[in-house]
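*Asks:* Quick one: this structure, given as structure tokens, is what I'll be asking you about.
Bear in mind that the values in this text are calculations on the coordinates, not laboratory data. What you are looking at is a predicted structure, and each value in this text was computed from that prediction instead of being measured. Please note: Cβ atoms are built from the backbone with ideal geometry, for glycine as well, and neighbour counts cover all protein chains shown.
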2 protein chains.
Amino acid sequence: MSEAHAEDGPRLRDLSEEDLLDRIFPYFVQREDVLVPPGDDAAVLRAASGSVVATTDTMVLGHDWRDEWSTPAEVGSKLVTQNVADIAAMGARPTGLLVTLAAHGDLPARWAEEFSLGVASQAERYDVSVVGGDLSGAPDGVVMVSITALGDLEGRDPVLRSGARVGDVLAVHGSLGWSGAGWWLYAQGGTDPGPPEPCPVRPAEAEPPTGWTEQSARSVLMWSHRTPVTSVSSGVVASLAGATAMMDLSDGLVRDAGRIARASGVGIDLDRASLERDFVAPPLTDALPLDVAWTQVLTGGEEHSLVATFPADSPLLRDQSDPDGRWWVVGRVVEADDARPRVTLDGEAIQGQGWDHFAG
Amino acid sequence: MSEAHAEDGPRLRDLSEEDLLDRIFPYFVQREDVLVPPGDDAAVLRAASGSVVATTDTMVLGHDWRDEWSTPAEVGSKLVTQNVADIAAMGARPTGLLVTLAAHGDLPARWAEEFSLGVASQAERYDVSVVGGDLSGAPDGVVMVSITALGDLEGRDPVLRSGARVGDVLAVHGSLGWSGAGWWLYAQGGTDPGPPEPCPVRPAEAEPPTGWTEQSARSVLMWSHRTPVTSVSSGVVASLAGATAMMDLSDGLVRDAGRIARASGVGIDLDRASLERDFVAPPLTDALPLDVAWTQVLTGGEEHSLVATFPADSPLLRDQSDPDGRWWVVGRVVEADDARPRVTLDGEAIQGQGWDHFAG
């Protein structure tokens, strides 16, 4: 142990891989889908419906998180959500996670333990098992975490990006721009106001929740940046209800809608009035200037809400029974037109990233 | 493009993720097991037998390879083999790979392309598709590559580490200590003598191949360090032939046999005469001092040969029809004895890592 940091406990270099695994493994519950748990050359997971859905996502210290903003548990939580959201966006349920940590030897073992706890608690939320992983050394200062998520379609067809049809509507499940707004608040030098109250999951009622203070609004947005969430059950329900295309929102509404539009060979026209009423609203407008709120709603990344296209008469669009929130229509699928961008707002091109024209 | 390195072509930072994927994707052939190829939120792979085998392994520049020893293609090739060997060691066939590259922006795009080519060509060898992955930035100087491999048991039970029974024999498929010997030659300051001749796959005949020169021996050993190989079909055949426990050799015969012994609650006694006759032999003994050859046979890592236990009367142990080589008996499974280490050599403790007692 380095004496200068004795108060932090042992470093990774002070522990054997086995010692570290002994500290981490107890966090990981093995569900009944796991036929061979971690500890052998490979894990074996049930894939009852005869196929497996697979995705992987990586986070690197300094690129994807900052230690002064995010705790190790929050990094683990966010990494799980990023991966699970990709499974959910296919209409599948996650069944297993493989977790990799590559880190320099001076990293406190406690960091790895708290990261694992964040992974485990978010895995619990999504009812998925951690079935394997890898620990690796890395150069000084480097911490890199990676997850591969596996999922099961349970007999459903996957919901691809390519199925949107002209006449469908585009709808969003969950928040828009909250994570990006949190990032913006941090980048402005904002300090963490602590865990948010009230509950940050947007409820299903027709109107956004009221009663935010600037403090509680900042709190929920910064929390959303550190620990975004997705909804597996809402992805499954969307698939059952006939969603024609679906994605999770990783890179912002405009870019991700553009991916659906390109894959489907269509255009997507966003509806300004719907976005303004349902999303450019508290808590965003309590914590941000209006132009920044618009920017984040349209382009804020790492939200991991779901965006999907549905036949316009889908009953799901009127359903308010999902405790994780409802699907909000924000646009419609139109013919692709070489004279217009793939994604428009009230039929107009969306200029740049600054959204100054929304400021007034 | 950095002018100082203009001759290397564009750097990662000069390309969009899409540009880079356009350069890499054509290398990756999608086999019929792939139901949804890369490009959506997640891939979908057939898992016909109702389960999926999963493992992950990571390599970090400076920790797991050196650019002065290994080409980018060799790093990709080795990473594939490491992961596929874990699938093979369960008696499964690999069906899909997810490949992650996290690298600093100054890395030549050509590095990523050559790495991908190495992944693709080794994936071709093992008949497995690259179905997904992730590209990520990383701090200056950092290059990290990671693969998750998925596999299918095709209805067979997995061959675990825990099934060895007293009376079984321990057998090795493939070489022992070649990769470790290559590492030792590099560490001694050896320069790469170029691609090896003759074919480095050990043939199935009873005697090790003869006719090595020191030069050809060094060449094949250094090549084995850069591009170890495993044999999927031999793992499948071992499973069908009733192997009771199996692993791939990642950390050396003694450590990995110890893992089988602990998981199975038994001891393993290695046979000195068999090891000496079949493994402490050319090309090792043409390129290394005898004590180093013994050390590498017993403890050399990253070999990715298979080691398994079988009932002593298994006909597979006499089979010489596998073009990838036969199974060589190197020990037997004995009762665990608290007075002895888990793994012994002719009933004696194996002292330290130096093997000086073998030098004479």
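*Asks:* For chain A, with a Gaussian network of springs between Cα atoms less than 10 Å apart, report the residue from A:MET59, A:MET246, A:MET90 with the top mean-square fluctuation.
*Replies:* For chain A, modelled as a Gaussian network with Cα springs under 10 Å, the answer is A:MET59.
*Asks:* Next question. Divide by every residue of chain B the summed helix terms, -39500 (n - 2.57) for each DSSP H run of at least 4, and state the resulting mean residue ellipticity at 222 nm, rounded to the nearest 500 deg cm²/dmol.
*Replies:* Working: 10 runs with 107 residues, N = 360.
-9000 deg cm²/dmol, from helical runs alone.
*Asks:* Same structure again: Might you report the magnitude of the Cβ-based charge dipole of chain B about its Cα centre, with Lys and Arg at +1 and Asp and Glu at -1, to the nearest 20 debye? Please report the intermediate quantities before stating the final value.
*Replies:* Details: 26 positive and 55 negative charges, 187 e Å.
Once rounded to the nearest 20, the dipole reads 900 debye.
*Asks:* Under 11 Å from a point placed 7 Å out from the Cα of A:GLU214 along the Cα-to-Cβ direction: which residues of the stretch A:267-300 have their backbone N that close?
*Replies:* A:286-289
*Asks:* Next question. Which of rounded, prolate or oblate describes the stretch B:161-358 when judged by the alpha-carbon gyration tensor and an a/c cut-off of 1.5?
*Replies:* oblate
*Asks:* What is the order of A:ARG259, A:ARG318, A:ARG31, fewest Cβ neighbours within 10 Å to most?
*Replies:* Ranking A:ARG259, A:ARG318, A:ARG31 by Cβ neighbours within 10 Å, fewest first, gives A:ARG318, A:ARG31, A:ARG259.
*Asks:* Would you work out the charge dipole size for the stretch B:222-360 about its Cα centre, treating the Cβ of every Lys and Arg as +1 and the Cβ of every Asp and Glu as -1, and quote it to the nearest 20 debye?
*Replies:* With only Lys, Arg, Asp and Glu charged at Cβ, the dipole is about 200 debye.
*Asks:* Among A:SER305, A:SER231, A:SER16, which one shows the biggest mean-square fluctuation in a GNM of chain A, springs joining Cα atoms closer than 10 Å?
*Replies:* Judging by the Gaussian network model, the answer is A:SER16.
*Asks:* Roughly what % of DSSP beta bridges within the stretch A:3-152 run antiparallel, to the nearest 5?
*Replies:* The antiparallel proportion sits near 70 percent.
*Asks:* Dipole size in debye (nearest 20) for the stretch A:1-101 around its Cα centre, Lys and Arg Cβ +1, Asp and Glu Cβ -1?
*Replies:* Approximately 540 debye in magnitude.
*Asks:* Right, here's the next one. Mind checking which of A:LEU45, A:VAL143, B:THR299 is farthest towards the positive end of the protein assembly as shown's charge dipole, using Cβ charges of +1 (Lys, Arg) and -1 (Asp, Glu) about the Cα centre?
*Replies:* It is A:LEU45.
*Asks:* Still on this model: Name the residue, out of A:SER49, A:SER175, A:SER162, whose mean-square fluctuation peaks in a Gaussian network model built on chain A with Cα pairs under 10 Å.
*Replies:* Most flexible of the set in this elastic network: A:SER49.
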